[in-house]
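First comes the structure, then the notes that go with it.
Just so it is clear, none of the values below were taken in a lab; they were calculated from the coordinates. Keep in mind it's a predicted model, so treat the numbers as computed, not measured. Neighbour counts are summed over all protein chains in view; Cβ atoms, including those assigned to glycine, are modelled from backbone coordinates with ideal geometry.
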Amino acid sequence: MDLVPADHFTYEELTDAYNQTRVDYLVPMPMNVARLKEYTRVYDVDLQGSCVAMHDNDMLGLGMLGVRRNRSWITRLGVLPSGRRHGTATAIMETLIQQARQRQLDQVWLEVIQGNTPAHTLFCKMGFRETRELIVARRPPSPDSSNGYADQVQKVTALGHDEAIALLAGRQHQANWLNETETMRNVRNLSALVVEFTNGRKGWVTYHASILQLTRIIVEVEHGDLTDTTAAILSVLHERYQHQDAKTENLPDDAQWQGFVQVGYFDSFRRIEMVKNLTE
């Protein structure tokens, strides 16, 4: 088995290999060339540090390495059916961790889908520890999204991309790699709403809006009950975008998540966030 840097391959080759690794995956995640290019750009994937496992001229699997400041992130790890039960995933992981060490990074992060026992077991054996459970959530369009909050709204201020990034940069809690400010800076045309209510509650929501879908949804409560204020802010958002499906990824399972639930979000699936410290 040879471990070859991913930048030795075309995006077409990487996309085809990735899709073959997901033919029987727990959660279908098909990829096309344009989406893979966007993925590597938005999440700061270093293709030179990423790798593909090869045997002769056959791809057995691949894994990608995101790099930011003093930390890295393993993503899109997958093994083709023909490469399984031969140590392929272990070899790819060891190579990615080695690449992180060579770059003198302090940590390696990753997420594993809840229920993917073989992958979770492998990561634990390689020294990764669980940090938290994260929710991938969806909400279908609704013609009535006010949920009784409309008469409590005092002021709504719409903001553009740069102002949305400034809001995100001021967050107090630790964001997951998918939702970090670095990620959001790489997303084009981000928007935000700052919402003030008559009872003193205040907060904001950032998001990306397309014709069919709202994504990248992040809510921050500045004043007021975390659950109820989150629900109120989301109601304002969905009142403006009644016909869009909504998807948000890697939300912690906390009081704020209950605010999402109140306005119609449901748990699509869950990921377990894990980290390995390279300085110990």
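Values for this structure:
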read-out	value
Gain on full stretching of the segment that runs from Ser268 to Ala158 - 0.36 nm per residue minus C-alpha separation	36.7 nm
Dimensions in Å of the range 137-268 - Rg and Dmax from alpha carbons	13.4, 36
Net length gained if the chain between Asp106 and Asp16 were fully extended (0.36 nm per residue, minus Cα distance)	29.2 nm
Mean-position separation - Cα centroids, the range 65-80 and the range 87-142, in angstrom	8
Most fluctuating residue given options Thr90, Thr121, Thr21, as computed from a GNM of the chain linking Cα atoms under 10 Å	Thr121
Computed over the range 137-268: relative contact order in percent, which uses C-alpha pairs under 8 Å that are six or more apart	34
The range 24-139 - charge dipole about Cα centre, Lys and Arg +1 at Cβ, Asp and Glu -1, debye rounded to 20	380
Among Phe9, Leu105, Val52 - extreme Cα towards positive end, dipole of the range 1-120, charges at beta-carbon	Leu105
Residue (of Asn277, Pro252, Leu234) at the positive-pole extreme of the chain, dipole from beta-carbon charges	Asn277
Contact order relative to length of the chain, as percent, for alpha carbon pairs under 8 angstrom and 6 or more apart	21
Residue with peak Gaussian network fluctuation, the chain [Cα springs, cutoff 10 Å], from Asn57, Asn19, Asn176	Asn57
Tensor-based shape of the range 2-105 (alpha-carbon gyration tensor, a/c under 1.5 rounded, otherwise prolate or oblate)	oblate
Shape category assigned to the range 85-153 from the gyration tensor of Cα positions, a/c cut at 1.5	prolate
222 nm mean residue ellipticity, helices alone, for the chain (DSSP H n ≥ 4; -39,500 (n - 2.57); rounded to 500)	-9000 deg cm²/dmol
Candidate lysines - alpha carbon under 24 Å from Lys247, same-chain residues fewer than 8 apart omitted	Lys37, Lys202
Taking N as its residue count, the alpha carbon Rg of the chain over 2.2 N^0.38 Å	1.08
